[in-house]
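Enquirer: Pasting a structure below so you can have a look.
The values are calculated or read from the model by the stated rules, or taken from the named source; none is laboratory data. Since this is a predicted model, take the numbers as computed values, not measurements. Methodologically, a virtual Cβ is constructed for each residue, glycine included, from the backbone with ideal geometry; neighbour enumeration extends over all protein chains shown. Remember, those area values only see protein heavy atoms, side chains included, never the ligands or the DNA or RNA. Shrake-Rupley method; radii C 1.70, N 1.55, O 1.52, S 1.80 Å.
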Amino acid sequence: MFKQLNQKELLQSLSKRELYLNLYFTQGIFLLLAVILSFFFNQDIADWLVLFRMEWGAILIWSLPVIILIVLVDVILWKKAPRRLIDDGGINERIFSNITFIHLIVITVVIGICEELLFRGVLQTNIGYVPASLLFALLHIRYIIKPVLLLFATVLSFLLGGIFIITGNLLIPIFIHIAIDFLLGLIIRNNLFSVRSKNQEWNDESF
């Protein structure tokens, strides 16, 4: 059921446009869920506004060490860990390998905002830190047979949630999420540190 080959075959069957449409559709669902659940939990505009504070000093102080640490650990895993332990089926390579720079910015901003609004802004605020963090980790269910990747996603989820608890500022986990995805996407896009799989090439046009 969870054979890695099946995911690769699925990826190969999708055009670049179909892959991106699926990604944006998923993020749209997350955003819609955030809106619906916000009404369900009686979160009004005032409740949301207190979660966003443009405190750039605090944002940078909290964000930069986490961003550097996560990206560094990810690159080390790409370079040092056996490929079988960190191979995600090629989905990130397919998404980012031939993406345009502008689209890279757009896609990482959309992902960071939609996922953090739902998992931190709504779920963590209303059902608690641990349940929301575990639900975010389950979002990466495709890693179920890749314990290293699943552990990494789980640790990142609890880290973002913990920072949100301490700071009370949703802009910080949003900024961290966007920056990590952007930098890792940029590394894959430009094949920095030779992180792409040597035996997998995607013949896609830039999109």
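Enquirer: Using the heavy atoms of the protein chains alone and a 1.4 angstrom probe, what is the accessible area of the chain per residue in square angstrom?
Expert: Per-residue value: 54 Å².
Enquirer: Just the number, please: carbon plus sulfur as a percent of the accessible area of the chain, 1.4 Å probe, no ligands or DNA/RNA counted.
Expert: Carbon plus sulfur share of accessible area: 71 percent.
Enquirer: What FRET efficiency comes out for Lys79 versus Leu151 if R0 is 25 angstrom and r is the Cβ-Cβ distance? Round to the nearest 0.05.
Expert: That pair, Lys79 with Leu151, gives E of 0.90.
Enquirer: I'd like to compare 76-87, 168-179, 92-103, 27-38: which one has the highest average count of other Cβ atoms within 10 Å, and what's the full order after that?
Expert: My ranking of the peptides, most packed first, is 168-179, 92-103, 27-38, 76-87.
Enquirer: Report Rg(Cα)/(2.2 N^0.38 Å) for the stretch 16-68, keeping two decimals.
Expert: 1.62
Enquirer: Can you find, among Ile76, Asn42, Phe136, the residue sitting farthest towards the positive end of the charge dipole of the chain, where Lys and Arg contribute +1 and Asp and Glu -1 at Cβ?
Expert: Of the options given, the answer is Ile76.
Enquirer: If you bin the C-alpha pair distances of the stretch 22-180 every 5 Å from 0, what whole percents do you get?
Expert: 1, 9, 16, 21, 22, 16, 9, 4, 1, 0
Enquirer: Still on this structure, I have one more. Using a basic spin-label model with each label point 7 Å from the Cα along Cα→Cβ, how many nm lie between Phe193 and Ile45?
Expert: 4.4 nm
Enquirer: Once you have the Cα-Cα distance between Leu21 and Thr100, take 0.36 nm times their residue separation minus that, and quote the gain in nm to one decimal.
Expert: Contour length minus Cα-Cα distance gives 26.9 nm.
Enquirer: Could you work out how much longer the chain between Asn92 and Ile127 gets when fully extended? Use 0.36 nm per residue separation minus the Cα distance between them, nm to one decimal.
Expert: Gain on extension, Asn92 to Ile127, equals 9.6 nm.
Enquirer: Assign unit charges at the C-beta atoms only (+1 for Lys and Arg, -1 for Asp and Glu), then state the dipole size of the chain relative to its Cα centre in Debye, rounded to the nearest 20.
Expert: Dipole magnitude for the chain comes out near 700 debye.
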